[in-house]
Amino acid sequence: MKSENQGTQQIPERKNPFFEPYKTPHDTVPFDRIRMEDYEEAFMEGIRRDEEYLDKTINNPEKPTFDNTIINKEDDEGYYDLLDRVSTVFFNMLSAETNDEMDALAQKLSPILTKHANDMRLNEKLFERVKYVHLHHRRLTPEEKRLLDDCYQGFVRSGALLDAEGKERLRQLTEEASLLGLQFSQNLLKENKAYRLVITDEKQLEGLPQTAIDAAAEEAKSELRDKSSELCDISSADEKSLNSQPSTLNKWVFTLDAPSYSPFMTYSTQRELRRQMYMAYNTKGIHDNENNNIEICKRLINLRREIAQLLGYKTYADYVLSRRMAKNVRSVYRLLNQLVTAYKPTAIKEMDELGGKNLEPWDLAFYSHKLKLKKYNIDAEMLRPYFQLEKVIDGVFGLANKLYGITFKENKDIPVYHPDVKAYEVFDKDGSYLAVFYADFHPRKGKQGGAWMTEYQGQWIDRKGENVRPHVSVVMNLTKPTPERPALLTLGEVETFLHEFGHALHGIFSNCRFESLSGTNVLWDFVELPSQFMENFAIEKKFLRTFAFHYETGEPLPDEQIRRIVRSRNFMVATACLRQVSFGLLDMAYYTKSDEFNEDIIAFEKEAWKKAIIRPQRMDTCMTTQFSHIMAGGYAAGYYSYKWAEVLDADAFAVFKRHGVFDEKTAQRFRDCILSRGGTEDPMTLYKNFKGSEPTIDALLKRNGIRKTT
């Protein structure tokens, strides 16, 4: 006879996955188990635990020491930082796979999280303990000294020395700035995704390569699928069209995502349509709608100026640069002005050869392509069949193997947050586990534009001596596959992959004791060295020979094509350099303001960068309102870093060229001196440890053909 409960299966109570061990390969994020409601619950519990830790630390009756004040968090058995754990996942998803619900939650949480950060940094008792350790500490290793200095300066730069009134004002300013930075990004994403150029007349596709046409047709099909899934009433005719060749819809949709926008501007013979696309792209954030970013930009500039001045600095740039390789505003302007002087004469010649005085900005890519084809008989579409994404992945991984001996193995048991994402285990040359590497390749609705590297777990060594290995990710917006073709990349997209992969290697090779100093946690004008360094390999014949095979015939990229790639490397290079310099000048103009900014954004922008501009400027476009790097991306008063690091990467690659681009000893020295050291020493010290001397601008000028080699 059965009891009443016999045969009744108890459903276990679901637990928030952030609250327990992940129990996944390498303790990777269990994306498949996370629900929207888990985030807020974990955030609030994480804040509570932080407050508990704070109370425990400031009420510790023992004398403050490096061990019980600076690095005491990992004392507890099985401790993990819940707030950091959930923040890492949530904010990475906010960039890579967001939706309206996540955006709303981010708006709700932003002031709460900023207040909590201020509560920690502005706690007087905690700072007194940190200050005491800063003044009275045991003998420390160089890495421990670096951590202590960063910790102390972090408190000071967050307002720990301010009086009560100053601290309260700082709270208000930082909370508002955090919320506005988030709003800026959300507005920009909405603006980018809202625009569509719809073509129904096949004649208007003239000039476009078949890859662009197929992608636009697939975008039209995708929109119809999305619409039909929302309405649940797709017709049989539409369903038949969706399952047939894309062109049968007689509709092609082009977007502002790079894989769609760039080919259209380069190849389309329809000048009016190019104008429409250009204006849509370059007016993001200035339209009279709810996504307008003009006032947000003004307020962010003023908030940052006031924060800096409250902390005792004349300008926000002075505040930022005091913790950078550049050290001060004067050094940044010296670099930018050197580049203008060196490159502007060549840029003027380039534009004259292009016929720039008679061209509108939406003509430049189109005629630049024609000129490049005429001079070098090469363009992106000629090369695209040789850059199948899967082969490029093999090539990039193979390059890492050739240089450093590491290998990558896809592991489908590691959860991912979208089907586009691939997860790999990385193994060192001796076969030992090194890292987890995620790669997210293609644009989609909930994903920001551009490309970036991020982490889900940093590297560090715990007190038991276990080397906790990193989980790094690269997120890109590369050309998507279509029913007719696999994903075929341009050479520029290959360079983008190499760039982000360089950042990833910086994380993968990290071998530091403290997570806050590991991987890419370096001064921001040094962080681009490993990434820009990797771009150099894109035109190296030995590298191209490893993966550049025609996706249909299997034939290798011909030697003559490679020669043309090398010869055309510096095509319009001076114009491209001045473009980057102009962005750096704009950034510095905003953040060297010592008085309130209340000027017209568009007029100010055009004046700020004019020394690097060689063509008439349009007053109906704006860069500032879509300039995520300096408004919401952490590069405020730091955009010069790309050119700063380019000097370093050219100088470093010249060392490789002297010894052979695949020279393992040189690569090992680069790994040991730079890639594995994170922010444990001053960056210039790390660089000199690698090269033996400080870098100069000469290698960059020679690489770009501005200064002839002797």
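The values are calculated or read from the model by the stated rules, or taken from the named source; none is laboratory data. Everything numeric here is computed off the predicted structure, so don't read it as measured data. Neighbour counts run over all protein chains shown; Cβ positions are idealised from the backbone, glycine included. When the accessible area is computed, the model is the full protein with side chains, heavy atoms only, and any ligands, DNA or RNA have been set aside. Shrake-Rupley method; radii C 1.70, N 1.55, O 1.52, S 1.80 Å.
See the values below:
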read-out: Residue selected from region 281-322 under the condition open to solvent by less than 50 Å² (accessible area, probe 1.4 Å) and of a type in the set (F, W, Y), by the criterion nearest to T255 (Cα to Cα); value: Y316
read-out: Among (1) under 19 Å from I539 (Cβ atoms); (2) more than 23 Å from the chain's Cα centre (by Cα); (3) not polar (S, T, N, Q), the one test that A652 misses; value: (2)
read-out: Residue match in region 85-93 (condition: open to solvent by less than 20 Å² (accessible area, probe 1.4 Å), touching a Gly at 6+ places or on another chain (Cβ under 7 Å) and at pLDDT 95 or above); value: yes
read-out: Single residue of region 158-173 satisfying the filter (part of a helix (DSSP H, G or I) and aliphatic (A, V, I, L, M)) that is most open to solvent (accessible area, probe 1.4 Å); value: A164
read-out: Flag if E143 is within 28 Å of the chain's Cα centre (by Cα), over 28 Å from I461 (Cβ atoms) and of a type in the set (D, E); value: no
read-out: First in region 367-393 and closer than 13 Å to L557 by Cα, second anywhere and open to solvent by less than 20 Å² (accessible area, probe 1.4 Å) and among the polar types (S, T, N, Q), Cβ under 7 Å, 6 or more apart; value: I378/S568
read-out: Residue ID - surrounded by the fewest Cβ atoms within 10 Å (Cβ to Cβ), chosen from residues in region 346-392 that are outside any helix (DSSP H, G or I) and touching a strand residue (DSSP E or B) at 6+ places or on another chain (Cβ under 8 Å); value: Q388
read-out: Options F155, F184, F127; residue that is modelled with pLDDT of 95 or more, among the aromatic types (F, W, Y), surrounded by 18 or more Cβ atoms within 10 Å (Cβ to Cβ) and touching a Cys at 6+ places or on another chain (Cβ under 9 Å); value: F184
read-out: Contacts under 8 angstrom Cβ, first residue in region 10-31 being at positive phi, partner open to solvent by 60 Å² or more (accessible area, probe 1.4 Å) and of a type outside the set (V, I, T), 6 or more apart; value: H26/Y433; D27/P21
read-out: Any hit, region 659-666, residues being free of Cβ contacts under 8 Å to residues at least 24 places away in the same chain, crowded, with 18+ Cβ neighbours inside 10 Å and either in a helix (DSSP H, G or I) or aliphatic (A, V, I, L, M) (or both); value: yes
read-out: Neighbours by Cβ (under 6 Å, 6+ apart or cross-chain): first from region 102-116, closer than 14 Å to L180 by Cα; second of a type in the set (S, T, Y) and open to solvent by 20 Å² or more (accessible area, probe 1.4 Å); value: S110/S178; T114/T174; T114/S178
read-out: Conditions (1) at negative phi; (2) touching a helix residue (DSSP H, G or I) at 6+ places or on another chain (Cβ under 7 Å): number failed by G159; value: (1)
read-out: Condition met for K402 (open to solvent by 50 Å² or more (accessible area, probe 1.4 Å) and closer than 30 Å to T88 by Cα); value: no
read-out: Count of region 222-246 residues which are open to solvent by less than 60 Å² (accessible area, probe 1.4 Å), among the polar types (S, T, N, Q), modelled with pLDDT under 80 and part of a helix (DSSP H, G or I); value: 2
read-out: Yes/no for S262 being at pLDDT 95 or above, under 28 Å from the mean Cα position of the chain (by Cα) and assigned to a helix (DSSP H, G or I); value: yes
read-out: Tally of residues being of a type in the set (S, T, N, Q) and surrounded by 17 or more Cβ atoms within 10 Å (Cβ to Cβ) across region 187-208; value: 2
read-out: Qualifying residue in region 678-685 (condition: touching a helix residue (DSSP H, G or I) at 6+ places or on another chain (Cβ under 9 Å) and among the aliphatic types (A, V, I, L, M)); value: no
read-out: Of all residues making up region 174-221, the number that are part of a helix (DSSP H, G or I), charged (D, E, K, R) and over 20 Å from M93 (Cβ atoms); value: 9
read-out: Enumeration of residues in region 377-413 that are of a type outside the set (G, A, S) and under 30 Å from M279 (Cβ atoms); value: I378, D379, E381, M382, L383, R384
read-out: Lone unmet requirement of (1) outside any helix (DSSP H, G or I); (2) more than 29 Å from L311 (Cβ to Cβ) for H137; value: (2)
read-out: Some residue of region 309-317 being at pLDDT 95 or above, touching a helix residue (DSSP H, G or I) at 6+ places or on another chain (Cβ under 8 Å), of a type in the set (A, V, I, L, M) and more than 21 Å from F627 (Cα to Cα); value: yes
read-out: Positions within region 138-149 being surrounded by fewer than 17 Cβ atoms within 10 Å (Cβ to Cβ) and out of contact with any Asp or Glu (no Cβ under 7 Å at 6 or more places or on another chain), in sequence order; value: R138, R139, L140, T141, K145, D149
read-out: Selection count, region 618-634, where residues are open to solvent by less than 20 Å² (accessible area, probe 1.4 Å) and either outside any loop (DSSP other than H, G, I, E, B) or within 28 Å of F537 (Cβ to Cβ) (or both); value: 4
read-out: Count - residues of region 687-706 that are aliphatic (A, V, I, L, M), in contact (Cβ under 8 Å) with a residue 60 or more places away in the chain and open to solvent by less than 40 Å² (accessible area, probe 1.4 Å); value: 2
read-out: For Q338: the one exception among (1) open to solvent by 40 Å² or more (accessible area, probe 1.4 Å); (2) in a helix (DSSP H, G or I); (3) touching a residue at least 60 places away in the same chain (Cβ under 8 Å); (4) in contact with a helix residue (DSSP H, G or I) (Cβ under 9 Å, 6 or more places away or on another chain); value: (4)
read-out: So A548, is it surrounded by 21 or more Cβ atoms within 10 Å (Cβ to Cβ) and within 30 Å of P486 (Cα to Cα); value: yes
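Residues checked against (1) in contact with a strand residue (DSSP E or B) (Cβ under 6 Å, 6 or more places away or on another chain); (2) touching a residue at least 24 places away in the same chain (Cβ under 8 Å); (3) among the hydroxyl-bearing types (S, T, Y); (4) over 30 Å from K327 (Cα atoms):
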position	(1), (2), (3), (4)
V527	no, yes, no, no
S531	no, yes, yes, no
D559	no, no, no, yes
R563	no, no, no, yes
S568	no, yes, yes, yes
F571	no, yes, no, yes
Q580	no, yes, no, no
F583	no, yes, no, no
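Listed here are the residues, each with its yes/no results for (1) under 21 Å from L648 (Cα atoms); (2) in contact with a helix residue (DSSP H, G or I) (Cβ under 8 Å, 6 or more places away or on another chain); (3) buried (at least 18 other Cβ atoms within 10 Å of the Cβ).
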{"site": "M534", "(1), (2), (3)": "yes, yes, yes"}
{"site": "R567", "(1), (2), (3)": "no, yes, no"}
{"site": "M572", "(1), (2), (3)": "no, yes, yes"}
{"site": "Y590", "(1), (2), (3)": "no, yes, yes"}
